[in-house]
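Quick one: structure below, then a few questions.
The values are calculated or read from the model by the stated rules, or taken from the named source; none is laboratory data. As the structure is a prediction and not an experimental result, all values here were calculated from the model. Note that we place each Cβ from the backbone using ideal geometry, even for glycine, and neighbour counts take in every protein chain shown. The protein model used for the area step is the full one, side chains on, heavy atoms only, and it has no ligands, DNA or RNA in it. Shrake-Rupley method; radii C 1.70, N 1.55, O 1.52, S 1.80 Å.
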Amino acid sequence: QCNLQGLWRNELGSNMTLSALDAAGTFSGSYHTAVAATNKQILVSPLQGAQQHPSAKGQPTFGFTVQWQFADSTTAFVGQCFVDRRGKETLETTWLLWEEVPSHRDAWKATRVGTSIFTRIK
């Protein structure tokens, strides 16, 4: 059974802490990115998310958003929690970042998309 609560790190060295799920399947936490397209100081940023009700397989899907505290952008992550035969948990995610742009005409360059794989630290 995969449990989202805890401390996670992705392949770029970003750290994420997720709270326990409430009765509705929602959670909160914090995200400390190791990479950013900014010269500003990187700050720990809050996240809010929801997990799909776990199936019998115990590898639920989830989604969360990060409200960056140092940039005019928001990132949405979606993914699934997997448990291998040895019990190792990983979070496979795809993310979409939208950065504020000065006008509607510039919206074409506002998004970035990527993937991240998180492994449990504790």
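Take the alpha carbon atoms of the stretch 83-122, find their center, do the same for the stretch 23-73, and report the distance between the two centers in whole angstrom.
Computed from Cα coordinates, the inter-centre distance equals 9 Å.
With Cα Rg over 2.2 N^0.38 Å in mind, check (1) 1.11; (2) 1.61; (3) 1.41 and report the label derived from this structure.
Answer label, from the structure shown: (1).
May I ask you to list the GluC sites (Glu not before Pro) in the stretch 53-122 that are in a DSSP loop and have at most 13 other Cβ atoms within 10 Å of their Cβ?
For GluC sites (Glu not before Pro) across the stretch 53-122 that sit outside H, G, I, E and B with at most 13 neighbouring Cβ atoms in 10 Å, the list reads Glu100.
Anyone know which of Gln69, Gln51, Gln59 comes out most mobile in the 10 Å Cα GNM of the chain?
Gln69
Right, another one. Note down the relative contact order for the stretch 6-120 as a percent, whole number, built from C-alpha pairs under 8 angstrom at least six residues apart.
Result for the stretch 6-120 is 20 percent.
What is the gain in length, in nm to one decimal, between Ile121 and His53 on full extension, counting 0.36 nm per residue of separation less the C-alpha to C-alpha distance?
Result: 22.1 nm gained on full extension.
Then there's this: Taking springs between alpha-carbon atoms closer than 10 angstrom, which of Asp72, Asp22, Asp106 fluctuates most in the Gaussian network model of the chain?
It is Asp106.
Using the basic label-point model (7 angstrom from Cα toward the beta carbon), what is the Phe82 to Ala37 distance in nanometres?
Going by the 7 Å Cα→Cβ label model, 2.8 nm.
Under 28 Å between alpha carbons, and skipping anything fewer than 8 positions from Lys122 in its own chain: which lysines qualify?
Qualifying lysines at Cα under 28 Å: Lys57, Lys88.
Could you please report the charge total around Leu7, scoring K, R as +1 and D, E as -1 over all other residues with beta-carbon less than 12 angstrom from its beta-carbon?
Summing Lys and Arg as +1 and Asp and Glu as -1 gives +2.
Sticking with the crude label model, points 7 Å out along Cα→Cβ, report the distance from Leu12 to Thr61 in nm, one decimal please.
Once both label points are built, they end up 2.4 nm from each other.
How many percent of the accessible area of the stretch 6-120 is carbon or sulfur, using a 1.4 Å probe?
54
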